[in-house]
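Only one structure is covered here, and it is reproduced in the block below.
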Amino acid sequence: LLELVIALTLFGVMAGIVFSSFRLAMNSYLKSQVKMEEEASRRILKGQIRRQVGSLFPLRPVASFNKAGPESELLEGADPTRAFAPLFYGTPDSVTFNTVTPLVDFERPGLTVVRYGPAQDEYGDYYLGSMESPFVGLDSFVEMIQVPRGKPLPLIEGVSQIEFEYYGYDSEAQIFDWYSEWFGDERRAVPTAIRILYDKGEVVAMVNASFFGGSVQSGVRNLLGQTN
């Protein structure tokens, strides 16, 4: 009887050790699966950002706007050259542009106004969000800058700091560099690339439609190949 008690005790101890090891292994496996899924989701969303920015359409309407933010006024007839300035509005906090590749209503592709910027969910957590609306004229573009409506689509979640930078040619300095602002009516062009910096990394997206020549595009591709 004593030997049986000892054997059962040892068996219970071994079973407890095996069960604990199995539970730890399962927890590690589940955590790794969740992490892999989150990383895969991030890669997919980053790819979608690059695809959407790459499909940026430098639309030049019959009127444009200045860089006064909410106080922007349409400049119809004020400066004829502004009628040929592409609709692009980039600040350190957000960027608004036209694209032919929507992410939300992808089943009905068409010219779409997109705005990237920080957003906050119902729990108070910040994320990089995207808002879209069909382009139906200059007013729809200006409205997306001033008073965007709707709930942003989460692109990158769990971020506390978001900053936008724009790569292009400065005609005054005659150099290519990254800039914290880029206004289409001021530079008469869209940037060659957009970089989104956040607290866990960055996304660099090449703009396929620009006014630069092939040699410059090639140089920019080499630059972007060195970044994430």
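Every number in this text was worked out from the coordinates using simple rules, so none of it is lab data. Just so we're clear, the structure is a prediction, and the values are computed from it rather than from any experiment. With ideal geometry, Cβ positions are generated from the backbone for all residues, glycine too; neighbour counts draw on all protein chains shown.
Restricting the GluC sites (Glu not before Pro) of segment 88-141 to loop positions (DSSP other than H, G, I, E, B) with no more than 11 neighbouring Cβ atoms within 10 Å leaves E107, E122. A simple spin-label model places the labels of D199 and V18 4.5 nm from each other, with each point 7 Å out along Cα-to-Cβ. Taken along the Cα-to-beta-carbon direction at a fixed 7 Å, the label points for Q161 and D177 span 2.1 nm.
Available extension along the chain between D139 and L10 is 38.6 nm, counting 0.36 nm per residue and deducting the alpha carbon span.
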